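Here's the structure, in structure tokens; my notes come after.
The values are calculated or read from the model by the stated rules, or taken from the named source; none is laboratory data. Please read these numbers as outputs of a predicted model, since none were measured by experiment. Every residue, glycine among them, receives a Cβ derived from its backbone with ideal geometry; neighbour counts consider all protein chains shown.
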Amino acid sequence: MSIELRPVTKSNFEAVIRLEVSDEQQQYVASNLYSLAESKVYPECIPLAIYDNNRLVGFLMYAFNLEDESYWICRLMIDRYFQGHGYAKQAMQSIIKEIRKRPKSSDLKLSIEPGNQAAEHLYLSLGFEKTGEFVEGEEVMCLIFENMP
């Protein structure tokens, strides 16, 4: 497996919006089409396609929030046919490594829908901790880079 995060472009746009999560996960994540529209309205949002070699397997979007001066993972999804193979974890490890290189990057935040046990388990395994905060009904988790090896 060789994970690569690539920009969403004209050449992969249609494939990215056709990616789907399983039926039981649809309540937890916005559609990729919505996320791409959001990235046009909020240019601080950076959408990325997740590839394993040249096979599109998922989608990720991150942003720098000026209010709290933190990077945030806004979206992460792996297509229903590629789940359970470690793609989400490897994609997160890749984006964490990239964001750690950036100025003003002391931590990385994200929020999860209550009840999304798979996401919670993944993020806890990467070193994220619950903050006790909620944003728009979602629980905030934070990865503090100085606590990482």
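Before moving on, here are some points about what is shown:
- In segment 1-24, the qualifying residues are those that are surrounded by 13 or more Cβ atoms within 10 Å (Cβ to Cβ) and among the aliphatic types (A, V, I, L, M), and the one that is farthest from the chain's Cα centre (by Cα) is ALA15.
- In segment 25-36, the qualifying residues are those that are aliphatic (A, V, I, L, M) and in a helix (DSSP H, G or I), and the one that is surrounded by the fewest Cβ atoms within 10 Å (Cβ to Cβ) is LEU33.
- Within segment 28-39, at least one residue is closer than 21 Å to LEU122 by Cβ and either without any contact (Cβ under 8 Å) to a residue 12 or more places away in the chain or hydrophobic (A, V, I, L, M, F, W, C) (or both).
- Applying a threshold of 7 Å to beta carbon distances and a minimum spacing of six or more residues, or different chains, the list of pairs starting in segment 1-25 at a residue that is on the phi < 0 side of the Ramachandran plot and ending at one that is surrounded by 16 or more Cβ atoms within 10 Å (Cβ to Cβ) and among the hydroxyl-bearing types (Ser, Thr, Tyr) reads ILE3/TYR87; ILE3/SER94; GLU4/TYR51; LEU5/SER94; ARG6/TYR51.
- Taking every residue in segment 90-114 that is at positive phi and pairing it with any residue that is surrounded by 13 or more Cβ atoms within 10 Å (Cβ to Cβ), at least 6 positions away or on another chain, the pairs with Cβ-Cβ distances below 9 Å are LYS104/PHE64; LYS104/SER70; LYS104/TYR71.
Table: residues versus (1) of a type in the set (Ser, Thr, Tyr); (2) buried (at least 17 other Cβ atoms within 10 Å of the Cβ); (3) in contact with a helix residue (DSSP H, G or I) (Cβ under 9 Å, 6 or more places away or on another chain); (4) at pLDDT 95 or above.
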residue: PRO103; (1), (2), (3), (4): no, no, no, no
residue: LEU110; (1), (2), (3), (4): no, yes, yes, yes
residue: GLU113; (1), (2), (3), (4): no, no, yes, no
residue: LYS130; (1), (2), (3), (4): no, no, yes, yes
residue: GLY137; (1), (2), (3), (4): no, no, no, no
residue: MET141; (1), (2), (3), (4): no, yes, yes, yes
residue: PHE145; (1), (2), (3), (4): no, no, yes, no
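- Checking SER94, SER70 one by one, the residue that is surrounded by 12 or more Cβ atoms within 10 Å (Cβ to Cβ), modelled with pLDDT under 95 and in contact with a strand residue (DSSP E or B) (Cβ under 9 Å, 6 or more places away or on another chain) is SER70 and no other.
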